[in-house]
Amino acid sequence: MKTSAPAKHSKILILDFGSQYTQVIARRVRELQVYSEVVPFNLPAAEIKKLNPNGIILSGGPASVYDKGAPQIDPEIFSLGIPVLGICYGLMQMAHHLGGQVVFTGRREYGAGMLQITNGSQLFDGLGNQLDVWNSHGDEVTALPKGFLAAGRTESSDFAAVEDRQRKLYGLQFHPEVAHTPRGKEILQNFVYHICHCAMDWTMGSFIEEACRRVRRQVGDEKVVLGLSGGVDSSVTAALLHKAIGDQLTCIFVNNGLLRAREEEIVQRVFGENFHVRLKYVDATGRFLTALKGVTDPEQKRKIIGNEFIAVFQHATEELLAQDRQNKARKHGGYKFLAQGTLYPDVIESVSIGGNPAAVIKSHHNVGGLPEKMHFELVEPVRQLFKDEVRQVGLQLGLPKEIVYRQPFPGPGLAVRILGDVTPERLSILREADMIVQSEMKASDWYYRVWQSFAVLLPVRSVGVMGDQRTYENTIVLRIVESQDGMTADWVRLPYELLARISSRISNEVKGVNRVCFDISSKPPSTIEWE
Ligand code: XMP
C-alpha cells in the first residue's frame, strides 16, 4: 500500500467499509488539522503497522456482518496497540471479531436519537451527560466482547457507545461525522487529540512547503507542462508548481471558442501578468468551431472537443519545444512531465459493497488520453487534498477569490449549454445571457452560495411581443443548483426579485432572446448540464 502521508506527521487511517460518509470522516479529521487517509477495509494489519498511524477509524457501511461476502477486517489490527474507533458497521466489526454478540435486526434504525453518557468515557470529555446523535444502522451489538464496557446508551440500544480503555478500542453505533450529530466533531476531537495524541500539524502552510519539496524531488531539472483551464484545480496546481519550480513550468491555455465572456482575459491577466507564469495562449476557436459545425448530438460534441483538445495541446507542446531550441537559456529536451489538478476524492479507491467489493478509481474525463498519447509522466501535487483544502492553498498562494471560489465549468464549455448547433451567433447570445446571470448572482451575493448558476440556450423559438412588434426569438433557461459534489443536486429557491431582474435584463439586453425559463429539476433524474 502506497501512502502519500508526510512521514513525520500525525496520521489517522480510515478503513473504508463502503459508507457514504467515509470521505466525510476524512474531512472532519483534517479540519482538526490532522492528516487522514482513506484505505480499503481489508488492508492487512502488517501493512497498517508499517504505515504507523496514530489511530484508526473504521467507517460505517451498508452491509450486515452476517451477509455473505460482507467486508471483514483483519482482526490482528485490534492487537497492534493502535487506538481504534469503530463507527456503526465499524463497531459491529469490532464486536463480531472480538467475541461479542451482534444480531441482525432486519430493520434499519434511522434518524435522530438521544445518547445518555454512562461512564465518563474520554471520548465524551467536556460533552455533559446527553447528546443528540444520528443513527443509521441495521445490526446491533447485544453482548460486549471481554474487556469492553458500555459508555453510552440510547432508548433502543444499551451499547450505543462502548470502550475497552485498556486496549484503547472504542465503538459508536451512531455517526459522529455527520452534521446531525451536532457535537460529533468534539467526539472526534477527543479521539484524535486525547486518545491518539495527534499533533495539529496538518496545515495548508506546511502542505505547501512539503508539496514544493516533493515536486522538486520528482521533476529534478526537467520541464513540466500543464493544461490550464482557469478552473480552481488547474489554477491552484499552476500556482503551486510555479512556486516550486518557477520557469520549469509552462502552462498552456487553450481557447476553444467555447469559453465564457472575457475568460481568456482573466486567465492571462492572473497568471501571465500577476504571477509571471510562463504561459502559452493558444486561440484555437476557428478549429473547434469548424469541427463542431452542424453537430447536434451531445456525445458527438464531447468527443470532437476532447479529440481537438489533445491535438491542439500536442501541437502547442511541439511549438514550445521549437522555441526552447532557439532559446539557449532553456533546457532543450522534451517536456517529460504533465501536471494535473487531480484531487483526493478522485483517487480514493472507494469500495462498492454488495457483491464483490471492487476497487474503483475515477478518472478525470477532461484530460483523458493525454498522458498515454504523449508519454508524459504525471505530476499531481494536490492529489492528497479535498476541494476546500485546495481553495485554502490557492488563497495562501495569492490567487484571487475570483479564481479560488469560482463555480465548476465543464471542459466542453458552452457547447454543452447550447442545445443543437454551435455557431458563433448562438455562442454570442449565450455568452451575453450568461454574463448577466453571473453579474446578478455576484451582485446579490448568491454566486458563492450555490454550486452552479448559468444560462442554457435552447433550440426552440417562441412568439413574443416587443412594442407593437411580434417577435419570434430564442429561449434561455436558467440553471441554478445547489450540490455538495455534483453527484446529486437540487434547484435553488432564489428570491423572485432576483429571478425577475435576471429575466428582464436578459430579454431586454440580449438581442435574439424573448423568453427566459427557470429549470426546476433536481439531479437525479435530470443532470446539471443540459447535454
Ligand atoms: P452533470 O451534468 O453530469 O454534471 O450533472 C455534474 C458536474 O460535472 C460538471 N461537468 C463536467 N465537468 N468536464 C468537466 O470538467 C465535463 O465534461 C463535464 N460535464 C459536466 C458539471 O458542470 C457539473 O458541475
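Coordinate-derived values only; no laboratory data. On a predicted model such as this, the values are computed, not experimentally measured, just so you know. FYI the Cβ positions are ideal-geometry reconstructions off the backbone, even for glycines, and counts take in every protein chain you see.
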Quiz item: When the dipole is taken about the Cα centre of the chain, and only Lys, Arg (+1) and Asp, Glu (-1) are charged at their Cβ, what size is it in debye, to the nearest 20?
Solution: 940
Self-check item: Backbone HN-Hα couplings from phi across the stretch 139-151 [Karplus 6.51/-1.76/1.60, Hz, Gly and Pro as x]
Solution: 6, 9, 7, 10, 9, 7, x, 4, x, 8, 10, 6, 10
Quiz item: Can you list the HN-Hα couplings for the stretch 513-529, worked out from phi with the Karplus curve (6.51, -1.76, 1.60; θ = phi - 60°), rounded to whole Hz and with x for Gly and Pro?
Solution: 10, 10, 8, 10, 10, 10, 7, 10, 9, 9, 10, x, x, 7, 9, 6, 6
Exercise. Calculate for the chain the 222 nm mean residue ellipticity that helices alone would give, adding -39,500 (n - 2.57) per DSSP H run of length 4 or more and normalising by residue count, nearest 500 deg cm²/dmol.
Key: -9000 deg cm²/dmol
Quiz item: What residues qualify as long-range amide H neighbours of Leu279, i.e. H under 5 Å apart, gap of 5 or more or another chain, H built at 1.01 Å from N?
Solution: Cys251
Exercise. Could you tell me which of Val38, Trp446, His315 has its Cα farthest along the dipole of the chain towards the positive end, charges placed at Cβ (Lys, Arg +1; Asp, Glu -1), taken about the Cα centre?
Key: His315
Quiz prompt | Given charges at Cβ of Lys, Arg, Asp, Glu: the chain dipole, positive-most of Met92, Val416, Leu258 | solution = Leu258
Practice problem: Would you kindly state how much longer the chain becomes between Asp158 and His9 on full extension, computed as 0.36 nm times their sequence separation minus their alpha carbon distance, in nm to one decimal? | Solution: 49.9 nm
Quiz item: Expressed as a rounded percentage, what relative contact order does the chain have, with Cα pairs under 8 Å and six or more residues apart?
Solution: 11
Quiz item: Quick one: Cα convex hull volume of the chain, Å³ per residue?
Solution: 170
Quiz item: By DSSP, what percent of the beta bridges with both residues in the stretch 423-518 are antiparallel, rounded to the nearest 5?
Solution: 75
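Let a ≥ b ≥ c be the square roots of the eigenvalues of the Cα gyration tensor of the stretch 11-195; is it rounded (a/c under 1.5), or, if not, prolate (a/b larger than b/c) or oblate?
Rounded, since a/c falls under 1.5.
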Quiz item: Considering only DSSP states other than H, G, I, E and B, which trypsin sites (Lys or Arg not before Pro) in the stretch 432-510 qualify as loop sites with at most 12 other Cβ atoms within 10 Å?
Solution: Arg493
Exercise. Before anything else, pin down the relative contact order of the stretch 204-404: Cα pairs under 8 Å, at least 6 apart, normalised by residue count, whole percent.
Key: 27
Quiz item: Out of every Cα-Cα pair in the stretch 10-93, what percent are more than 15 Å apart?
Solution: 52
Quiz item: To the nearest 0.05, how large is the calculated FRET efficiency for His332 and Asn42 if R₀ is 51 Å and r is the Cβ-Cβ distance?
Solution: 0.60
Quiz item: Spin-label point model (7 Å from Cα, Cβ direction): what's the Ala322 to Trp446 distance in nm?
Solution: 4.9
Practice problem: Please give the helix 387-396 orientation as an angle from the longest Cα principal axis of the chain, in degrees from 0 to 90, rounded to the nearest 10. | Solution: 70
Quiz item: Which angle between 0 and 90 degrees, to the nearest 10, do you get for helix 204-219 versus the longest principal axis of the chain when only C-alpha atoms count?
Solution: 70
Quiz item: Can you work out ³J(HN,Hα) from phi for every residue in the stretch 327-339, in order, using Karplus 6.51 cos²θ - 1.76 cosθ + 1.60 and θ = phi - 60°, giving whole Hz and x for Gly and Pro?
Solution: 8, 5, 5, 9, 4, 7, x, x, 7, 7, 10, 10, 8
Exercise. Would you work out the charge dipole size for the stretch 445-503 about its Cα centre, treating the Cβ of every Lys and Arg as +1 and the Cβ of every Asp and Glu as -1, and quote it to the nearest 20 debye?
Key: 160
Quiz item: Say the cut-off is 21 Å between C-alpha atoms; which of Lys168/Lys387; Lys8/Lys50; Lys401/Lys442; Lys223/Lys280; Lys336/Lys373; Lys68/Lys146 go over it?
Solution: Lys168/Lys387; Lys68/Lys146
Quiz item: Which of Pro495, Leu399, Phe17 sits closest to the plus end of the dipole of the chain, meaning its Cα is farthest towards the positive end, when Lys and Arg get +1 and Asp and Glu get -1 on the C-beta?
Solution: Leu399
Quiz item: If you take every DSSP beta bridge whose two residues both sit in the stretch 11-195, what share of them, in percent to the nearest 5, is antiparallel?
Solution: 55
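Among DSSP bridges having both ends in the chain, what percentage is antiparallel? Round to the nearest 5.
Just about 50 percent of them are antiparallel.
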